[in-house]
Amino acid sequence: MTFSPESNADEAEVSERVDEAIEGNDVVLFMKGNRLMPQCGYSQRALELIGKHVEEFETVDVLPALPQYREALADHSGWETIPQTYAGGEFIGGSDVLAELDERGELAAELGAE
């Protein structure tokens, strides 16, 4: 499943895409850019950390509709910053939280990889 949002996407459409991505994937990363070309260091770091523990996971590029994605994601997590990681429908955190969990040896379990 790959989402290719357009810049004219309205809030309801983006909110529906966010809901579908969270509910339809074991692990999903909302990021700036894509897996092949991350557009910020935080997104790159999140990709690397998740990839250490999970082979297959969904990524969603938020840049084409960034304001709408920020709002839709904040409704789920209470947090507007990107990247955001969800596993099993639950908000895990951004790259800093992923790094902390990895350092403590807890990230694999949070991602459902154990």
Does any residue of the stretch 48-65 turn out to be polar (S, T, N, Q) and in contact with a strand residue (DSSP E or B) (Cβ under 7 Å, 6 or more places away or on another chain)? yes
Of (1) free of Cβ contacts under 8 Å to residues at least 60 places away in the same chain; (2) surrounded by 18 or more Cβ atoms within 10 Å (Cβ to Cβ), E100 fails just (2)
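Only residues that are hydrophobic (A, V, I, L, M, F, W, C) and in contact (Cβ under 8 Å) with a residue 40 or more places away in the chain: list them for the stretch 45-56, please.
The answer is A46, L49, I50, V54.
Among the residues of the stretch 55-114, write down those that are among the basic types (K, R) and closer than 13 Å to V18 by Cβ.
If we filter the stretch 55-114 for residues that are among the basic types (K, R), which is where we start, we get 70, 104.
Selection gives R70 alone.
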State all residues of the stretch 70-96 that are part of a loop (DSSP other than H, G, I, E, B), touching a residue at least 40 places away in the same chain (Cβ under 8 Å) and either surrounded by 14 or more Cβ atoms within 10 Å (Cβ to Cβ) or basic (K, R) (or both); if no residue qualifies, say none. I82, P83, G94
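Take I82 and decide whether it is touching a Cys at 6+ places or on another chain (Cβ under 9 Å) and not basic (K, R).
Working: touching a Cys at 6+ places or on another chain (Cβ under 9 Å): yes; not basic (K, R): yes.
Yes, satisfied.
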Restricting the search to the stretch 41-70, which residues are modelled with pLDDT of 95 or more and either under 10 Å from S95 (Cβ atoms) or acidic (D, E) (or both)? G41, Y42, S43, Q44, R45, A46, L47, E48, L49, I50, E58, D61
Just one of (1) in a helix (DSSP H, G or I); (2) exposed (fewer than 15 other Cβ atoms within 10 Å of the Cβ); (3) charged (D, E, K, R) trips up R45, so point out which. (2)
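Checking the structure you have, find out if any residue of the stretch 106-113 is on the phi > 0 side of the Ramachandran plot, modelled with pLDDT under 95 and not basic (K, R).
Yes, the stretch 106-113 contains a residue that is on the phi > 0 side of the Ramachandran plot, modelled with pLDDT under 95 and not basic (K, R).
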Within the stretch 1-26, considering residues that are modelled with pLDDT of 90 or more and in a loop (DSSP other than H, G, I, E, B), the one surrounded by the most Cβ atoms within 10 Å (Cβ to Cβ): N25
Regarding I50, is this residue buried (at least 16 other Cβ atoms within 10 Å of the Cβ), in a helix (DSSP H, G or I) and touching a Gly at 6+ places or on another chain (Cβ under 8 Å)? no
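The values are calculated or read from the model by the stated rules, or taken from the named source; none is laboratory data. These numbers were taken from a predicted model, which means no experiment stands behind them. Note: ideal-geometry Cβ built from the backbone for every residue, glycine included; neighbour counts use all protein chains shown.
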